[in-house]
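To start, the structure itself, in structure tokens.
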Amino acid sequence: MESLLQFDTVYTTKPLIVLGDDGRERGTQIHEVPVEPVPTKIFDACDPKNVESGNFSPIDELPPTQCDLIQGTLPSALDGAYFRNGPNPQFVPNGPYHLFDGDGMLHAIRISQGNATLCSRYVKTNKYELEKDAGFPIIPFFFTGFDSVTTIITYMVVIAHHFLTRQFDPHKGFGLANTNLTFFGNKLYALWESDLPYAIKLDSNGDIITVGREDFDGKLFMNMTAHPKTDPITKETFAFRYGPMRPYVTYFWFNEHGEKQDDIPIFSTKSPSFFHDFGITKNNAIFPENQIILGMRKTVIGWSLFNANPEKVPRLGVLPRYAKNESQIMWFNVPGLNIVHVINAWDEDDGDTVVMIAPNIISVEHALGRMDLIHGSVEKIKIDLKTGMVSRHPLSSRNLEFGVINSAYVATKNRYVYCAIGDPMPKFSGVVKLDVSLSEVDRQECIVASRMFGPGCYGGEPCFVAREPDNPNADEDDGYIVSYVHDESNNESRFLVMDAKSATLEIIASVKLPRRVPYGFHGLFVREGDLNKL
């Protein structure tokens, strides 16, 4: 068998302080320092041999099934359910297929009084139901569905036939619901950024039920980001949508009852771009515009809707949180800053400074293909709204992504961040804890705790669950980190519970799952009281 090992040049990142003519610090730049080459496995996210094999390969649905607790005790604070979303193609494609293009499947572990039950179900989207009835794929893949003219024509003919026979109604959406989950307005939603949310609930037996596509009384059009942000104090949820036509970005928010407010179109976005995530503070919404653009272009795998443009200068847009229009938005050019996910943001200096914590994707040109070649450098970014100065510095030299915090600190200054360790991406071999406050002293390495899953074991995004969510005096890191972890040596998956305060992120409970859980994307813990509201 041909070896899949190759040697890549690896870089570690160090802050380089930039001084002005007066000797005062003016900011920092990323300084890349090469280290010794190390062997890495090739992972082409568009190659079916990678994304349809091992623990990336799809599985069938699993009804609620009892799990075995093999270590420790499940704490009462975890009574509720942990949901993890991810791609699970209903039909195995014959040609190029991207990891991002699989139908959404939710994996929910329901915990009650120390017992656990696992359920895996597809989100019953319009696309899923249409193709299930037909017995074959109908909607083209967004990332790799246009690999040749013949493929494009074939999809067009099939879609036209189903449209004319009234089997396909584009007004009902054609999304995957495979990316994330959110809870607001006493409802749980599965999300994908090119469609509307799908409402989800869990029945008393732990079974996942798709309630249906939600347009919020006809006020939400076309699509919504998979990364809305909910303010834990006001209970308001902030979101946006983006697309290939002007306005390329539209901002909006929901009140505490889940009622959508008016759209704020942002016409100052210059071109259709990949706005995957954003940040909010008490005063502002921050939109990272990176070098990934929308537009049909020829690539090494054929035609694709998403491409990297190395000549484009990334920008950050800052808009007042409750703006009535875009007249107050400010854009800041930030060369070299390619943000896909935002961890948190807050205001400082009486609102004159915006601070954001986010991984900067180095080698973004590989983000949609050779994911093993990208490096996530978690950075602290400061925007001086008065002077226009943007300063940045990395918080760690490690390859980190999927950063999360205690959700009680969304939009306010937080100290701790938990990230998955790329080994290389899209596999994650462990979790680290960063203390952001260390960067305010001498900009040292901010990792203060870590947990490796072991040889051949890989997890995904960590999820923080507070031990006492209703205690205003609880420490920020007083809680648990949970994640699904898969052991490739025996093809078994576990649900791990780690002590978020521990210097080693000590494992306090391990649950053997009745069947493997494929690698996926983002997750959410929903407490028992909120499950009962669904």
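When the expected Rg is taken as 2.2 N^0.38 Å, what fraction or multiple of it is the alpha-carbon Rg of region 340-428?
Normalised Cα radius of gyration, region 340-428: 1.16.
Once the 1.4 Å probe is applied to the protein heavy atoms, region 306-456 comes out at 36 Å² accessible per residue.
With a ≥ b ≥ c taken as the square roots of the eigenvalues of the C-alpha gyration tensor of region 54-99, please select rounded if a/c is under 1.5 and otherwise prolate if a/b is larger than b/c or oblate if it is not? Prolate, since a/c reaches 1.5 and a/b exceeds b/c. With the highest mean first, a sort of the peptides 401-407, 111-117, 273-279 on other beta-carbon atoms found within 10 angstrom per residue produces 273-279, 401-407, 111-117. If you wrap the tightest convex hull around every Cα atom of region 208-268 and split its volume per residue, you get 117 Å³. Here each label is just a point 7 Å from Cα along the line to Cβ, and for Asp352 and Asn255 those points are 3.6 nm apart. Whole-Hz Karplus values for region 321-336 come out as 4, 10, 4, 8, 7, 8, 4, 9, 5, 10, 10, 10, 6, 9, x, x Hz, taken residue by residue from phi with 6.51 cos²θ - 1.76 cosθ + 1.60 and θ = phi - 60°; glycine and proline positions read x.
Ligands, DNA and RNA aside, Trp253 has an accessible area near 50 Å² when probed at 1.4 Å. First check a/c for region 398-534, with a ≥ b ≥ c the square roots of the eigenvalues of its C-alpha gyration tensor; if it is under 1.5, answer rounded, and if not, answer prolate when a/b is larger than b/c or oblate otherwise. Oblate, since a/c reaches 1.5 and b/c is not below a/b. Extension gain for Leu534-Gln113 works out to 149.5 nm (0.36 nm per residue, less the C-alpha to C-alpha distance).
Spacing of the modelled spin labels on His171 and Lys49, each 7 Å from Cα toward Cβ, amounts to 4.7 nm. Straightening the chain between Glu445 and Ser489 buys 12.6 nm, computed as 0.36 nm per residue apart minus the Cα-Cα spacing.
Placing dummy labels 7 Å off each Cα toward the beta-carbon, the span from Glu61 to Ser437 is 4.8 nm.
Return the FRET efficiency for the residue pair Met222, Asp470: r is the Cβ-Cβ distance, R0 is 35 Å, and the value is rounded to the nearest 0.05. Kindly include the intermediate steps, with their values, before the conclusion.
Details: r = 37 Å, r/R0 = 1.07.
Taking R0 as 35 Å, the efficiency between Met222 and Asp470 is 0.40.
Strictly over 31 Å apart at the Cα level, which of Lys124/Lys324; Lys49/Lys512; Lys229/Lys382 would you flag in this model? Long pairs (Cα-Cα over 31 Å): Lys124/Lys324. May I ask you to work out the translational diffusion coefficient for region 304-453 at 4 °C, viscosity 1.567 mPa s, via Stokes-Einstein with Rh from the Kirkwood sum over Cα pairs, reported in whole µm²/s? Translational diffusion coefficient: 79 µm²/s.
With coordinates expressed along the principal axes, the C-alpha atoms belonging to region 217-329 extend over 47, 29, 23 Å, beginning with the largest. Within straight-line reach of Lys533, meaning a Cα separation under 19 Å, sit the following lysines at least 8 residues removed in sequence or on another chain: Lys187, Lys201, Lys235.
Summed over all non-identical Cα pairs, the Kirkwood treatment of region 470-534 gives a radius of 14.0 Å. Accessible surface ranking for Arg315, Arg370, Arg213, 1.4 angstrom probe, highest first: Arg213, Arg370, Arg315.
Is region 272-386 rounded, prolate or oblate when judged by the Cα gyration tensor, a ≥ b ≥ c being the square roots of its eigenvalues, rounded requiring a/c under 1.5 and prolate requiring a/b larger than b/c? Prolate, because a/c is 1.5 or more and a/b exceeds b/c. Using all C-alpha to C-alpha distances in region 174-279, build P(r) with 5 Å bins and read off the rounded percent in each one. Per 5 Å bin, starting at 0, the Cα pair percentages come out as 2, 12, 23, 25, 19, 11, 5, 2, 1, 0.
The values are calculated or read from the model by the stated rules, or taken from the named source; none is laboratory data. Source: prediction; values computed, not measured. Glycine gets a Cβ as well: all are built from the backbone with ideal geometry, and neighbour counts include every protein chain shown. The area values use the complete protein model at the heavy-atom level, side chains included, leaving out ligands, DNA and RNA. Shrake-Rupley method; radii C 1.70, N 1.55, O 1.52, S 1.80 Å.
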